[in-house]
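Here is the structure we will look at, set down as structure tokens.
The values are calculated or read from the model by the stated rules, or taken from the named source; none is laboratory data. Because the structure is predicted, anything quoted here is derived from the model rather than measured. Cβ placement follows ideal geometry from the backbone for every residue including glycine, while neighbour counts extend to all protein chains displayed. In case anyone asks, the SASA skips ligands and DNA or RNA and just uses the protein heavy atoms, side chains included. Shrake-Rupley method; radii C 1.70, N 1.55, O 1.52, S 1.80 Å.
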Amino acid sequence: DHCGGDWWGFVELERPNLSPLVLLMIGDVTGHGTSSALVSATVRGGLSILENWLKSGLNLDPREINRYFNSVVFQAAKGSIGMTFFTAVIDSEKNEIYCSNAGHNFPYILAPDETGIFQIKPIGSSGTPLGYQENTIYEDIDTYSWPPGSRMFLYTDGLTECVQDGVNLFDRKQLRKLLIEHSHLGAANLLSRILSARDQRIGNFPPYDDVTVVVFEDLSTNRLSKIEGEM
């Protein structure tokens with residue numbers, strides 16, 4: 001019970017005279033305990049190999065990233081354990097984000113419009129979780145506008161599954177309301193406000209599932225990225 005199956009990771013790929021491409025991922029292994037933790041550890045090891053391949057020129061396609069990690073999870077658990085997984089590639093030069101979803105909760109983009117007001121949008125179309133079949137193909141890729149100053153909010157389902165006596169103490173509707181209210185905040189402050197508000201609502205509710213939250217902030221004017229995550 002002290003071992004978790006949540007995981008997140010990122011890779012920044014440098015480009016001459018351009019802002020880096022950012023590969024951002026989050027996943028949640030089914031179940032709890034040692035077996036789930038071992039699968040997430042295997043995924044972390046797989047990222048180290050993938051990072052070297054990407055730097056040597058491998059095509060950065062979120063569908064192919066999901067297919068690669070599907071193989072990693074399948075080889076680790078032989079189809080007995082699955083993992084929801086979301087992969088995004090952020091290109092700040094084109095002001096676009098490309099993503100592929102393997103059954104994970106839909107992340108949110110918080111993007112400023114022409115007046116500077118942030119618009120909140122869930123992104124991605126759901127697909128098959130990783131690891132159940134060796135040769136799963138991920139065909140869907142979604143493209144979204146990513147204007148300067150945008151943020152992305154990613155999380156695992158433990159954040160919004162706080163059911164006590166048939167009542168969910170912190171659901172997606174409440175999460176979205178908080179994202180709208182605090183959309184103007186930077187990554188670190190937004191992360192802190194969301195988790196503090198959740199803690200206030202759930203009180204001493206026991207943690208039945210792992211909770212992981214990641215906020216990605218685009219600081220294009222400085223050609224920098226900031227990623228805040230907490231598990």
Failed condition for N168, given (1) open to solvent by 60 Å² or more (accessible area, probe 1.4 Å); (2) at negative phi; (3) modelled with pLDDT of 80 or more: (1)
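Residues I109, I123: which one is in contact with a Lys or Arg (Cβ under 6 Å, 6 or more places away or on another chain) and either basic (K, R) or under 23 Å from E181 (Cα atoms) (or both)?
Numbers: I123 fails: in contact with a Lys or Arg (Cβ under 6 Å, 6 or more places away or on another chain).
That would be I109, the only listed residue that is in contact with a Lys or Arg (Cβ under 6 Å, 6 or more places away or on another chain) and either basic (K, R) or under 23 Å from E181 (Cα atoms) (or both).
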Yes/no for Q75 being over 14 Å from the mean Cα position of the chain (by Cα), of a type outside the set (G, A, S) and not in a helix (DSSP H, G or I): no
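Just the residues that are in a loop (DSSP other than H, G, I, E, B) and either in contact (Cβ under 8 Å) with a residue 40 or more places away in the chain or small (G, A, S) (or both), please, taken from the range 112-129. Before the answer, list the steps.
Filtering the range 112-129 down to residues in a loop (DSSP other than H, G, I, E, B) leaves 113-117, 123-129.
Selection gives G116, G124, S125, S126, G127, P129.
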Count of residues meeting criterion [of a type in the set (D, E, K, R), under 27 Å from N17 (Cα atoms) and outside any strand (DSSP E or B)] in the range 78-111: 2
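Filter the range 157-198 down to residues that are in a loop (DSSP other than H, G, I, E, B), more than 27 Å from D113 (Cα to Cα) and not aromatic (F, W, Y) and give me whichever is farthest from the chain's Cα centre (by Cα).
Here is the first cut: in the range 157-198, the ones in a loop (DSSP other than H, G, I, E, B) are 160-162, 165-166, 169-171, 182-186.
Now drop any that are not more than 27 Å from D113 (Cα to Cα), which leaves 160-162, 165-166, 169-170.
Next, from what is left, pick out any that are not aromatic (F, W, Y): 160-162, 165-166, 169.
Working: T160: 15, E161: 17, C162: 20, D165: 29, G166: 28, L169: 23 Å.
Of everything passing the filter in the range 157-198, D165 is farthest from the chain's Cα centre (by Cα).
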Single condition R151 does not satisfy, out of (1) closer than 24 Å to D6 by Cα; (2) open to solvent by 20 Å² or more (accessible area, probe 1.4 Å); (3) of a type in the set (K, R): (2)
Residue pairs meeting the criteria (Cβ under 6 Å; at least 6 apart or on separate chains; first over 22 Å from P207 (Cβ atoms), in the range 167-192; second surrounded by fewer than 18 Cβ atoms within 10 Å (Cβ to Cβ) and modelled with pLDDT under 95): A187/K226; A187/E228; A188/E228
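For (1) open to solvent by less than 20 Å² (accessible area, probe 1.4 Å); (2) aromatic (F, W, Y); (3) touching a Gly at 6+ places or on another chain (Cβ under 9 Å), each residue gets a yes or a no:
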position	(1), (2), (3)
G82	yes, no, yes
F85	yes, yes, yes
V89	yes, no, no
K94	no, no, no
Y98	no, yes, no
N101	yes, no, yes
P107	yes, no, yes
D113	no, no, no
G116	no, no, yes
Per-region count, the range 1-57, residues out of contact with any Asp or Glu (no Cβ under 9 Å at 6 or more places or on another chain), polar (S, T, N, Q) and surrounded by 14 or more Cβ atoms within 10 Å (Cβ to Cβ): 3
